[in-house]
Amino acid sequence: MRLRFFADHCISNLVIQMLRDAGHEVLRLRDYIPTDSADSDVILKAQELDSILISLNGDFSDIVTYPPANYKGIIALQVRNHPEIIPPLMTRLRDYLSAHPDMDYYKGKLLLAEVHRIRVRE
């Protein structure tokens, strides 16, 4: 089963293409709302589109502001100003997504995707 992602404006074309190459559907923020939209509008649009939000924006990692239980899934890529880690990070993420191919698995979860691990917060 393929997953559906809503890519925040900060997600590079490389990440989008790697997800698409893995067979997933990726909707780009700029195709739906202005790129300078407030975070609350971004997460709302992801929910409206029945998508998992994928972002580099650290704000979405804040479980107080964005409690995972309220959303269909959030994936926060932990790049920390090191774009050279994107390929190995995406390899880890694609492997994780392959092991968990059901959209329902991601509901109520925040995934913090790092090169060496994927941390799940609920």
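Only one of the numbered conditions (1) in contact with a His (Cβ under 7 Å, 6 or more places away or on another chain); (2) closer than 17 Å to Gln17 by Cβ; (3) of a type in the set (Ser, Thr, Tyr) is not met by Thr35, and that is (2). Comparison of His24, His116 shows that the only residue that is in contact with a helix residue (DSSP H, G or I) (Cβ under 8 Å, 6 or more places away or on another chain) and surrounded by fewer than 16 Cβ atoms within 10 Å (Cβ to Cβ) is His116. Within region 1-24, residues that are on the phi > 0 side of the Ramachandran plot and part of a strand (DSSP E or B) reach no partner that is surrounded by 16 or more Cβ atoms within 10 Å (Cβ to Cβ) and not basic (Lys, Arg) with beta carbons closer than 9 Å at six or more positions or on different chains.
Looking only at residues in region 41-60 that are modelled with pLDDT of 95 or more and either exposed (fewer than 13 other Cβ atoms within 10 Å of the Cβ) or not hydrophobic (A, V, I, L, M, F, W, C) (or both), the one that is nearest to Ile11 (Cα to Cα) is Ser55. Residues in region 88-122 that are farther than 15 Å from Phe60 by Cβ, in contact (Cβ under 8 Å) with a residue 60 or more places away in the chain and part of a helix (DSSP H, G or I): Met90, Arg94, Leu97, Ser98, Met103. Has region 47-70 got any residue that is within 14 Å of the chain's Cα centre (by Cα), among the acidic types (Asp, Glu), assigned to a helix (DSSP H, G or I) and more than 19 Å from Leu93 (Cα to Cα)? For region 47-70, residues within 14 Å of the chain's Cα centre (by Cα), among the acidic types (Asp, Glu), assigned to a helix (DSSP H, G or I) and more than 19 Å from Leu93 (Cα to Cα): present. Quick check on region 1-34: of everything there that is charged (D, E, K, R) and touching an Asp or Glu at 6+ places or on another chain (Cβ under 8 Å), which residue is modelled with the lowest pLDDT? Ranking the qualifying residues of region 1-34, first place goes to Arg2.
The residues of region 15-46 that are closer than 20 Å to Pro88 by Cα and over 14 Å from the mean Cα position of the chain (by Cα), listed by number, are Asp21, Ala22, Gly23. Within region 69-87, the residues that satisfy the criterion of being out of contact with any Leu (no Cβ under 9 Å at 6 or more places or on another chain) and either among the charged types (D, E, K, R) or farther than 18 Å from Leu56 by Cβ (or both) are Ala69, Asn70, Arg80, Glu84.
Failed condition for Ile75, given (1) touching a His at 6+ places or on another chain (Cβ under 8 Å); (2) in contact (Cβ under 8 Å) with a residue 60 or more places away in the chain, with all others met? Of (1) touching a His at 6+ places or on another chain (Cβ under 8 Å); (2) in contact (Cβ under 8 Å) with a residue 60 or more places away in the chain, only one is false for Ile75: (1).
The values are calculated or read from the model by the stated rules, or taken from the named source; none is laboratory data. Keep in mind that this is a model prediction, so the values were computed, not measured. Here Cβ is always computed from backbone atoms with ideal geometry, including for glycine, and neighbour counts include all displayed protein chains.
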